[in-house]
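Before any comments, here is the structure.
The values are calculated or read from the model by the stated rules, or taken from the named source; none is laboratory data. As the structure is a computational prediction, the values presented were derived from the model and not from experiment. A quick note on method: Cβ atoms are made from the backbone with ideal geometry, for glycine too, and the neighbour counts reach across all protein chains shown.
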Amino acid sequence: MKFDAPHFRDEKAARQYVEGLRWPSGRVCPKCGTVGGEYETKREGRYRCGSKGCRKDFTVTTGTVMESSHIRLTVWLVAFYMMASSKKGVSAHQLHRSLDLTYKSAWFLCHRIREAMKAGGMLAPMGGAGSIVEADETYYGRSDLPKREHRLESQRRKPSIRHAHKDQRPKRPVVALVERGGKARVFHVAVASKENVQRIVRENVDPASRLHTDESRLYFGMDAEFAAHETVKHSAGEYVRGDVHSNSAEGFFGVFKKGMRGVYQHCDEKHLHRYLSEFEFRFNSRTALGVNDAERTALAVKGAEGKRLTYRRTHSA
Ligand SMILES: [Zn+2]
């Protein structure tokens with residue numbers, strides 16, 4: 001059984017599991033950074049920093065997305081596991097039902113786990129000599145841009161604003177960069193303009209890489225910036241030419257859209273980046289890269305450190 005491990009059933013085991021992930025070589029005071037200088041307090045799992053002038057009390061959840069949560073650690077770990085191991089994600093409704101949480105708690109918990117899954121820190125450039133990076137864009141849901149602004153944009157004949165009907169809001173553009181056989185970085189942009197898309201490509205991809213895209217005008221003029229810029233002509237029915245294609249990026253979009261439609265159904269544009277982080281996280285720790293469900297869960301739990309997400313921030317950002 002999936003949830004047989006003690007850390008899914010016993011609070012002490014859960015705490016020890018998270019402590020082991022967070023502090024593999026001694027407990028670290030989250031305030032001053034002192035390692036191993038803490039005392040145990042009367043409350044199990046609560047420590048006091050031994051450093052003079054600090055003396056901060058902390059637990060394993062201090063300074064993580066789990067801080068000041070009333071939800072038990074075992075429940076957190078089950079939720080982490082469910083979100084890390086299901087290909088298309090888990091809805092707040094499902095967590096609400098299966099974990100006996102209020103819907104509101106489940107919803108907030110999902111967003112905090114997404115925050116933990118978000119890639120952080122300095123990211124090295126993607127690709128490099130001999131590597132292929134695919135760039136592609138797609139559209140998901142309707143933008144929050146007002147219709148008027150959308151008309152202005154379309155009057156400017158931006159090739160990237162797609163709309164099924166002139167009275168509908170423009171769709172939300174998503175740009176994906178995928179290293180062939182490797183990892184992805186995914187971005188939600190307000191408008192998929194040539195400037196926005198090319199800036200993302202430029203900021204993330206090593207110039208020694210071969211860049212693969214479709215024939216979209218968004219990538220025009222990038223030839224000189226990479227070892228090669230090779231395109232397939234989707235409009236002419238060409239999807240693969242030798243090793244030139246953008247199938248990895250399209251595969252990512254396929255899983256993302258299936259999950260969003262099937263599991264999440266609705267998401268405000270302001271939250272779209274969080275869902276993208278979640279799908280990106282699972283893609284970048286997928287089974288094909290040698291990561292199993294338990295390891296993927298551990299990666300997400302480790303990612304909880306250094307991130308806070310308040311209810312207010314969840315709603316405003
Ligand atoms: Zn301290």
Q) Tell me, which helices (runs of 4 or more DSSP H) lie completely within the stretch 211-317 with 1 or more residues that are without any contact (Cβ under 8 Å) to a residue 12 or more places away in the chain? A) 247-259, 293-302, 311-316
Q: Confirm whether Lys194 is at pLDDT below 90 and of a type outside the set (Asp, Glu).
A: no
Q. Quick one: how many residues across the stretch 33-47 are within 34 Å of the chain's Cα centre (by Cα), buried (at least 16 other Cβ atoms within 10 Å of the Cβ) and within 14 Å of the ligand (Cβ to nearest atom)?
A. 3
Q. Can you name the number of the only condition in (1) touching a Ser or Thr at 6+ places or on another chain (Cβ under 7 Å); (2) at pLDDT below 95 that Asp57 fails?
A. (2)
(Q) Please pick out the residue among Ser85, Ser98, Ser68 that is among the polar types (S, T, N, Q), surrounded by 15 or more Cβ atoms within 10 Å (Cβ to Cβ) and away from the ligand (no atom under 16 Å from the Cβ). (A) Ser85
**Q.** Residues of the stretch 6-32 satisfying the condition of being under 30 Å from Tyr81 (Cα atoms), hydrophobic (A, V, I, L, M, F, W, C), within 10 Å of the ligand (Cβ to nearest atom) and in a loop (DSSP other than H, G, I, E, B)
**A.** Cys29
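What residue, of Gly237, Gly290, is more than 17 Å from the chain's Cα centre (by Cα), on the phi > 0 side of the Ramachandran plot and at pLDDT 95 or above? Spell out how you get there, then give the answer.
Numbers: Gly237 fails: at pLDDT 95 or above.
Answer to the check: Gly290.
Looking at this structure, is Arg114 in contact (Cβ under 8 Å) with a residue 12 or more places away in the chain, among the charged types (D, E, K, R) and within 16 Å of the ligand (Cβ to nearest atom)?
Numbers: in contact (Cβ under 8 Å) with a residue 12 or more places away in the chain: yes; among the charged types (D, E, K, R): yes; within 16 Å of the ligand (Cβ to nearest atom): no.
Criteria not met by Arg114.
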Q: Could you tell me whether the stretch 55-70 includes any residue that is over 27 Å from Arg296 (Cβ atoms) and either β-branched (Val, Ile, Thr) or in a helix (DSSP H, G or I) (or both)?
A: no
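Here is a list: Gly221, Gly254. Which entry is modelled with pLDDT of 95 or more and either surrounded by fewer than 19 Cβ atoms within 10 Å (Cβ to Cβ) or of a type in the set (Lys, Arg) (or both)?
Details: Gly221 fails: modelled with pLDDT of 95 or more.
Result of the check over Gly221, Gly254: Gly254.
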